[in-house]
Amino acid sequence: MSLLFRFFYHWPLRALHAVGAAIGWAVWALSPRYRATFRANVAQAGIPFALARPAIAETGRFVAELPKLWMRPQGQSCLQQVQVSGQAHAEAAFAAGRGVIFFAPHAGSFELAPQALAELYGPVTAMYRPSRQAWLARLMLSSRHRPGLVAVPANLSGIRQMHRALKANAAVALLTDQVPPEGLGVWAPFFGRPAYSMTLAGRLALQSGAAMLPVRTLRLPRGRGYTMEILPPVAGLASTPPPDLLAAVTLVNQAIEALVLSQPGQYLWAYARYKNPRREAAVAPASAAGSGPHGDEGAH
């Protein structure tokens with residue numbers, strides 16, 4: 001499989017995205033369950049299906065572009081393909097001296113965002129959960145160990161490294177719309193329906209005072225590259241008194257909703273956001289790291 005990824009790495013991005021669009025529509029045609037989940041999540045978000053329809057092809061494009069993102073040589077910059085905006089928000093957050101939490105949902109090219117952020121603001125610490133397939137785990141890990149990008153495991157050690165990074169006024173990067181294992185999240189509203197939601201991002205922000213900056217990364221048409229926009233920090237997390245954990249997670253979910261609604265044609269609508277959490281041992285009790293956040297969040 002690694003050889004296959006290397007083969008497709010040499011394809012032009014436009015060709016990969018064309019093939020990916022076909023893959024996306026093929027999956028749509030062949031999987032009734034996929035279609036049902038996609039449609040249900042779009043309806044729950046309260047938007048017309050026409051706005052989300054482009055995401056059918058974009059989901060395939062996400063898969064097809066992975067060879068380009070994962071097999072890129074270590075010394076080669078990805079920024080030549082990325083139009084970046086909103087850097088003033090990041091600069092202001094770093095100037096506050098409490099670190100920065102960049103976050104995004106499963107939308108656009110969320111695999112590219114940490115690589116681009118690492119080149120701009122490295123070191124950036126990001127969590128990952130290794131694949132159960134050995135070849136894929138090796139491939140993912142090698143792709144995420146890049147200059148300025150620190151990949152840490154989804155366990156107590158990784159959580160401690162994220163705390164240390166924020167204490168040093170560095171950055172962490174998280175995918176914040178994942179469903180954590182049972183006991184490691186809270187039920188919080190997401191588009192008006194309770195969803196089991198991660199607490200790590202909220203805990204990190206409350207305990208460190210770090211600014212939480214949403215990041216929107218979009219594919220440009222016809223393989224012309226990407227745009228990455230850093231948005232203003234989530235409001236309300238630094239209030240006095242600070243919000244409780246559920247309120248903080250709700251604020252994060254609201255920020256994710258806004259990101260999704262700003263790019264409905266590139267969100268992975270078929271992600272089972274409202275599923276019950278899987279049964280898994282907790283990373284650590286609440287007092288283990290002086291923080292109690294969980295470690296399910298990270299690269300998938």
**Prompt:** For the stretch 147-164, how many residues are outside any strand (DSSP E or B) and under 18 Å from the mean Cα position of the chain (by Cα)?
**Reply:** 6
**Asked** Of all residues in the stretch 178-212, which are aromatic (Phe, Trp, Tyr), open to solvent by 10 Å² or more (accessible area, probe 1.4 Å) and in a strand (DSSP E or B)?
**Response** Trp187, Tyr196
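Anything in the stretch 153-173 that is of a type in the set (A, V, I, L, M), open to solvent by less than 60 Å² (accessible area, probe 1.4 Å) and either within 25 Å of Ala92 (Cα to Cα) or free of Cβ contacts under 8 Å to residues at least 60 places away in the same chain (or both)? List them, or say none. Give the derivation first.
Our first condition is that a residue be of a type in the set (A, V, I, L, M); within the stretch 153-173, this holds for 154, 156, 159, 162, 165-166, 168, 170-173.
Remaining after also requiring open to solvent by less than 60 Å² (accessible area, probe 1.4 Å): 154, 156, 159, 162, 165-166, 170-173.
Hits for the stretch 153-173 are Ile159, Met162, Ala165, Leu166, Ala170, Ala171, Val172, Ala173.
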**Complete:** Filter the stretch 47-80 for residues that are open to solvent by 70 Å² or more (accessible area, probe 1.4 Å) and outside any helix (DSSP H, G or I); the one that is nearest to Val19 (Cα to Cα) is Arg53
**Fill in**
For the stretch 1-46 the number of residues that are in a helix (DSSP H, G or I) and either open to solvent by 80 Å² or more (accessible area, probe 1.4 Å) or modelled with pLDDT under 95 (or both) is 14
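Answer yes or no as to whether Ala93 is of a type in the set (Gly, Ala, Ser), open to solvent by less than 30 Å² (accessible area, probe 1.4 Å) and modelled with pLDDT of 95 or more.
Values: of a type in the set (Gly, Ala, Ser): yes; open to solvent by less than 30 Å² (accessible area, probe 1.4 Å): yes; modelled with pLDDT of 95 or more: yes.
So Ala93 passes the test.
Residues Pro194, Pro264, Pro242, Pro233: which one is closer than 18 Å to Arg98 by Cβ and modelled with pLDDT of 95 or more?
Details: Pro194 fails: closer than 18 Å to Arg98 by Cβ; Pro264 fails: closer than 18 Å to Arg98 by Cβ; Pro242 fails: modelled with pLDDT of 95 or more.
Answer to the selection: Pro233.
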**Request:** With the condition kept exactly as written, say whether any residue in the stretch 238-259 is on the phi > 0 side of the Ramachandran plot and not in a strand (DSSP E or B).
**Result:** no
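Considering every residue within the stretch 80-90, establish whether at least one is hydroxyl-bearing (Ser, Thr, Tyr), within 30 Å of Ser208 (Cβ to Cβ) and modelled with pLDDT under 95. Before you say what the answer is, go through the steps one by one.
Let us first name the residues in the stretch 80-90 that are hydroxyl-bearing (Ser, Thr, Tyr), namely 85.
Subsequent filtering for residues that are within 30 Å of Ser208 (Cβ to Cβ) retains 85.
Adding the requirement that they be modelled with pLDDT under 95 leaves none.
Among the residues of the stretch 80-90, not one is hydroxyl-bearing (Ser, Thr, Tyr), within 30 Å of Ser208 (Cβ to Cβ) and modelled with pLDDT under 95, which makes the answer no.
Does Arg35 satisfy the criteria of being among the charged types (D, E, K, R) and over 18 Å from the mean Cα position of the chain (by Cα)?
Details: among the charged types (D, E, K, R): yes; over 18 Å from the mean Cα position of the chain (by Cα): yes.
Considered against the rule, which asks whether it is among the charged types (D, E, K, R) and over 18 Å from the mean Cα position of the chain (by Cα), Arg35 comes out as yes.
Return yes or no: is Val150 aliphatic (A, V, I, L, M), under 28 Å from Pro277 (Cβ atoms) and open to solvent by 30 Å² or more (accessible area, probe 1.4 Å)?
On the way: aliphatic (A, V, I, L, M): yes; under 28 Å from Pro277 (Cβ atoms): yes; open to solvent by 30 Å² or more (accessible area, probe 1.4 Å): yes.
So Val150 passes the test.
The values are calculated or read from the model by the stated rules, or taken from the named source; none is laboratory data. Since this is a predicted model, take the numbers as computed values, not measurements. Ideal geometry is used to build each Cβ from the backbone, glycine not excepted, and the neighbour counts take in all protein chains shown. To get the accessible areas, we keep the full protein, side chains included, count just its heavy atoms, and leave off ligands, DNA and RNA. Shrake-Rupley method; radii C 1.70, N 1.55, O 1.52, S 1.80 Å.
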